[in-house]
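The values are calculated or read from the model by the stated rules, or taken from the named source; none is laboratory data. It should be emphasised that the depicted structure is a prediction, and the values quoted were computed from it without experimental measurement. Every residue, glycine as well, gets a Cβ built from its backbone with ideal geometry; the counts of neighbours run over all protein chains shown.
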Amino acid sequence: MTYPQGHLIAVGGSEDKGTDLELGILQRNRLNFFELGILKNIVSMIDGTEPVVEVITTASSIPDEVYQNYFDGFGKLGVTNMGHMRIRNREDASNPDYMERLKKCNCIMFSGGNQLRLSSIFGGTEFLNQLRHRYENEKFLIAGTSAGAMAMSNTMIYEGNASLAHLKGEVKITTGLGLVQHAIIDTHFDKRGRFNRLAQAVAAQPGAIGVGLGEDTGIVVSEGHILQTIGSGTVVIIDGKNIEYNNIADIGFGKPISVENIIVHIMSKGDQYNLETRKFVGAEIVYEDED
């Protein structure tokens, strides 16, 4: 089997301060994940001595402000050759200038926002085909935060209120960008209480591994199937391979789901998970002296 030569970095998003206003979150959390080292991890994995980074803000409703945030963060880490792919619709995605820049850059960074914009605008385009080709055949890095991370998986959650996620039909799923196979990625997992949301998605498709990313936390995906945790928080893995009783197909919409025997792993910095073997590998423990 041939594995992708590139890497993916999916980030759970910055800490949620209790508002859904994108600009407010951006301003209060400006460079938050840079300060905690996530952005530094991204920069360290970009190939080339003078790397070119292109930021795609398609998911965002405030693309220019979001790009400025990344421009500032990458600039503080010495990356000065940056571009903004301001792709707002499918016509933009076929723009020859963007296609040419995709061929020349070393890293693509997908911002947060609305993941359904990413799947509906890039799905079936030559841009997405070329992005996958570079990822599969070159030392190419694709990073994404929040919505940009959720869209990486082949199965993508695009809607689901956490308080109602225990009810059948309240979690909406569709096809993502397909960069990570056999997985469903969810973000802002801790602060927004999204365990039931991801569990329902896995109950509906037990062949897929649920990957819940906490705030200021992410995964590095190597060879398309090896996940390693980075950042300050935790990653939750939900595995449905041993599910026995599962009523999701038989109950009516709006009824509570019941699922037996879900496997859950909690991963912190350095821990790994293999999507193919469904095995968890803990990081080497470094003991700290107690006060």
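At a glance:
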{"quantity": "Qualifying position, being among the hydrophobic types (A, V, I, L, M, F, W, C), more than 21 Å from Pro4 (Cα to Cα) and at pLDDT 95 or above, among Ala143, Ala147, Ala151", "calculated": "Ala147"}
{"quantity": "Every residue from segment 173-214 that is of a type outside the set (Phe, Trp, Tyr) and in contact with a Gly (Cβ under 6 Å, 6 or more places away or on another chain)", "calculated": "Ile184, Asp186, Thr187, His188, Asp190, Arg197, Leu198, Val202, Pro206, Leu213, Gly214"}
{"quantity": "Close pairs (9 angstrom Cβ cut-off, 6 or more residues apart or separate chains): modelled with pLDDT under 95 in segment 70-90, among the basic types (Lys, Arg) anywhere", "calculated": "Asp72/Arg30; Gly73/Arg30; Leu77/Lys40"}
{"quantity": "Complete set of residues in segment 89-123 that are surrounded by 13 or more Cβ atoms within 10 Å (Cβ to Cβ) and assigned to a loop (DSSP other than H, G, I, E, B)", "calculated": "Ser94, Asn95, Cys105, Asn106, Ser111, Gly112, Gly113, Asn114, Gly123"}
{"quantity": "Evaluation of Leu141 against (1) out of contact with any strand residue (DSSP E or B) (no Cβ under 7 Å at 6 or more places or on another chain); (2) hydrophobic (A, V, I, L, M, F, W, C); (3) within 18 Å of Ile56 (Cβ to Cβ) (one fails), failing number", "calculated": "(1)"}
{"quantity": "Single match in Gly176, Gly160 (criterion: among the small types (Gly, Ala, Ser), in contact with a Ser or Thr (Cβ under 6 Å, 6 or more places away or on another chain) and surrounded by 19 or more Cβ atoms within 10 Å (Cβ to Cβ))", "calculated": "Gly176"}
{"quantity": "Residues satisfying the stated conditions in segment 36-81, i.e. in a loop (DSSP other than H, G, I, E, B), surrounded by fewer than 21 Cβ atoms within 10 Å (Cβ to Cβ), of a type in the set (A, V, I, L, M, F, W, C) and touching a helix residue (DSSP H, G or I) at 6+ places or on another chain (Cβ under 9 Å)", "calculated": "Val52, Ile62, Leu77"}
{"quantity": "Qualifying residue in segment 174-196 (condition: without any contact (Cβ under 8 Å) to a residue 24 or more places away in the chain and either more than 18 Å from Ile108 (Cβ to Cβ) or more than 12 Å from the chain's Cα centre (by Cα) (or both))", "calculated": "no"}
{"quantity": "Members of segment 128-157 that are part of a helix (DSSP H, G or I) and either small (Gly, Ala, Ser) or in contact with a Ser or Thr (Cβ under 7 Å, 6 or more places away or on another chain) (or both)", "calculated": "Ala147, Gly148, Ala149, Met150"}
